[in-house]
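Just below is one structure, and these are the notes that go with it.
The values are calculated or read from the model by the stated rules, or taken from the named source; none is laboratory data. All figures in this text were calculated on a predicted structure; none of them were measured in a lab. Cβ placement follows ideal geometry from the backbone for every residue including glycine, while neighbour counts extend to all protein chains displayed. SASA here: full protein model, heavy atoms, side chains in, ligands and nucleic acids out. Shrake-Rupley method; radii C 1.70, N 1.55, O 1.52, S 1.80 Å.
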Amino acid sequence: QVQLVESGGGLVQPGGSLRLSCAASGSISAINAVGWSRQAPGKQRELVAIDVSGGTTNYADSVKGRFTISRDNAKNTAYLQMNSLKFEDTAVYYCYMTVGVMTYWGKGTQVTVSS
């Protein structure tokens, strides 16, 4: 079993930055893909960023150029650097990791962009 714990969320003003972390623990053999999704109130969960093993990354159009996904395989940790935050980035952010053939999700961290 693998557990994921997100951290780094909080309240930030428009234009500000936050860095989310996602730490994995448990029976980890090899982490394949890591990713972040978010869910705003009243909206469906959307994929924000993904890092496929090998360095390929993809981003939602709404965050391209502002968000950067990265990973530290030695620490079993993924990151999401969020810059130039906008009101519409307010959401609960969830990380996920694919270990072997299984995908695991964290419980989420709240990001609120407000003046």
Notebook entry, point to check: Any idea which of (1) crowded, with 19+ Cβ neighbours inside 10 Å; (2) assigned to a loop (DSSP other than H, G, I, E, B); (3) among the hydroxyl-bearing types (Ser, Thr, Tyr) is the one residue 84 doesn't satisfy?
Noted result: (1)
Notebook entry, point to check: In region 19-41, how many are closer than 22 Å to residue 82 by Cα and either touching a Phe, Trp or Tyr at 6+ places or on another chain (Cβ under 9 Å) or open to solvent by 30 Å² or more (accessible area, probe 1.4 Å) (or both)?
Noted result: 14
Notebook entry, point to check: Counting only residues that are under 17 Å from residue 32 (Cα atoms) and in a loop (DSSP other than H, G, I, E, B), which one in region 54-81 is most open to solvent (accessible area, probe 1.4 Å)?
Noted result: 54
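Considering only residues that are in a strand (DSSP E or B) and among the aromatic types (Phe, Trp, Tyr), which ones fall in region 87-97? Spell out the reasoning first.
The initial filter retains those residues of region 87-97 that are in a strand (DSSP E or B), namely 91-97.
Listed by number, the residues that qualify are 93, 94, 96.
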Next item on the list: Give 92, 99, 113 a once-over and let me know the one that is over 11 Å from the mean Cα position of the chain (by Cα), more than 17 Å from residue 23 (Cβ to Cβ) and buried (at least 18 other Cβ atoms within 10 Å of the Cβ).
Entry: 113
